[in-house]
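Q: Quick one: this structure, given as structure tokens, is what I'll be asking you about.
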Amino acid sequence: MTLEQLRIFVAVAEREHVTKAATELNLTQSATSAAVAALEMRHAVKLFDRIGRRITLTDAGRLFLAEARAVLSRAASAEAVLADLAGLKRGRLAFAASQTVANYWLPPLLHAFRTRYPGIETPLTIGNTQSVAEAVHDGLADLGIVEGEIDDPHLAIWPVAEDEMVLVVASGHPWAGGAAIASSAFPGTSWILREPGSGTRRLFEDLLARDGLSLDELEVALELPSNEAVRAAVEAGAGATVVSRLVVAAALQAGSLVAVAATVPRRRFFALQHKERYVGRTAQAFLALLREQAGAEEPSSGHA
């Protein structure tokens, strides 16, 4: 059993699709299938059920997935120690970030980091706030940056930036006329929202609760898994949404969306790191860059 086989198995298990895993790993489909088959044959255990083009984990596969992730996490820690010995000339710092962070805020910082340390790889996984926290908790990412607060005693969590939120509608929407809109008017239009687990959605739910409202009182026309899909639906006139100004800046400038005068709180981006895992010089260097270029706070006292 090799680490490469474990990485391939975990990728296939998480996507439940050989082709998608192969694409993510930059491997051929045949090489990916062969690695999984070799594991199954070597240990005489069936890890996947294959139903047509779809595959699902067997009970044995689900048990093995947890162990495989743990082994890969320990291997990543060992690589981090060796990277420290190389003086930041080589190494790897794996990131997971929620969508607004990953698509709009983080890329310039990653570019600055790679310019400063060109030998450090910085793979990035994109998900929602919940999935990013799970990735850091499980050791699949060294650092996470999310748009919502997380309650996990195993994670060190601290704010790194602020984000302006805006209520937006299409230019033809009745709210686009410039008048201020109170939350009591929210049930009077359709809404386009991100999926449960998203930091953007959580902020909107908190905004409603602050004013004594709930999603049950609104007409939710669409729930979509990306900021870009939400923006496109709102531009098409499907309804209103609350989203980061980073996501809609170009649309506001072009006039396809209009920012409605409404009281919407700002939110903070939070960095996440596992308290019990090794914090290498690569992570320390990136956190230093965050403080330098983004004005981020120091990690909390619980930071490992």
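The values are calculated or read from the model by the stated rules, or taken from the named source; none is laboratory data. This structure is a prediction, so every number in the text was calculated from the model and none was measured. Positions of Cβ are backbone-derived with ideal geometry, glycine not excepted, and every protein chain shown enters the neighbour counts.
Q: Let me confirm something: among ALA288, ALA232, ALA236, which residue is surrounded by fewer than 16 Cβ atoms within 10 Å (Cβ to Cβ) and touching a Leu at 6+ places or on another chain (Cβ under 9 Å)?
A: It is ALA232.
Q: Okay, moving on. Being under 24 Å from the mean Cα position of the chain (by Cα) and either part of a loop (DSSP other than H, G, I, E, B) or over 20 Å from SER171 (Cβ atoms) (or both): is that true of GLU292 here?
A: yes
Q: While we're here: Considering (1) at positive phi; (2) part of a helix (DSSP H, G or I), say which one ARG69 fails and leave the rest.
A: In the conditions (1) at positive phi; (2) part of a helix (DSSP H, G or I), ARG69 misses (1) alone.
Q: So, in the stretch 65-96, exactly how many residues are of a type outside the set (Gly, Ala, Ser) and touching a Ser or Thr at 6+ places or on another chain (Cβ under 9 Å)?
A: 5
Q: Report, by residue number, each residue of the stretch 179-203 that is at pLDDT below 95 and under 27 Å from the mean Cα position of the chain (by Cα).
A: If the condition is that a residue be at pLDDT below 95 and under 27 Å from the mean Cα position of the chain (by Cα), then ARG194, GLU195, PRO196, GLY197, SER198, GLY199, THR200, ARG201, ARG202, LEU203 are the ones that fit.
Q: Moving to a separate point now. Return the residue satisfying two criteria in turn: it lies in the stretch 1-58 and is assigned to a loop (DSSP other than H, G, I, E, B) and among the hydroxyl-bearing types (Ser, Thr, Tyr), and of such residues it is surrounded by the most Cβ atoms within 10 Å (Cβ to Cβ).
A: Looking at the filtered set, the residue picked out is THR58.
Q: Going through the stretch 107-127 one residue at a time, which ones are assigned to a loop (DSSP other than H, G, I, E, B) and over 20 Å from the mean Cα position of the chain (by Cα)?
A: Listed by number, the residues that qualify are TYR117, PRO118, GLY119.
Q: Counting only residues that are basic (Lys, Arg) and part of a strand (DSSP E or B), which one in the stretch 242-275 is surrounded by the most Cβ atoms within 10 Å (Cβ to Cβ)?
A: ARG267
Q: Considering every residue within the stretch 90-106, establish whether at least one is of a type in the set (Lys, Arg), assigned by TED's automatic domain parsing to the domain that holds GLU276 and in a strand (DSSP E or B).
A: yes
Q: With the requirement that a residue be touching a strand residue (DSSP E or B) at 6+ places or on another chain (Cβ under 6 Å) and either more than 17 Å from ASP151 (Cα to Cα) or part of a loop (DSSP other than H, G, I, E, B) (or both), what does the stretch 196-226 give you?
A: PHE204, LEU218, GLU219, VAL220, ALA221, LEU222, GLU223
Q: Give me a count of the residues in the stretch 128-144 that are of a type outside the set (A, V, I, L, M, F, W, C) and assigned to a strand (DSSP E or B). Walk me through how you get there before you give the answer.
A: Keep residues of the stretch 128-144 that are of a type outside the set (A, V, I, L, M, F, W, C), which gives 128-131, 134, 137-139, 142, 144.
Then keep just the ones that are assigned to a strand (DSSP E or B); that gives 144.
Qualifying residue count for the region: 1.
Q: Take the residues of the stretch 123-150 that are surrounded by fewer than 24 Cβ atoms within 10 Å (Cβ to Cβ) and β-branched (Val, Ile, Thr): which is modelled with the lowest pLDDT?
A: The residue in question is ILE150.
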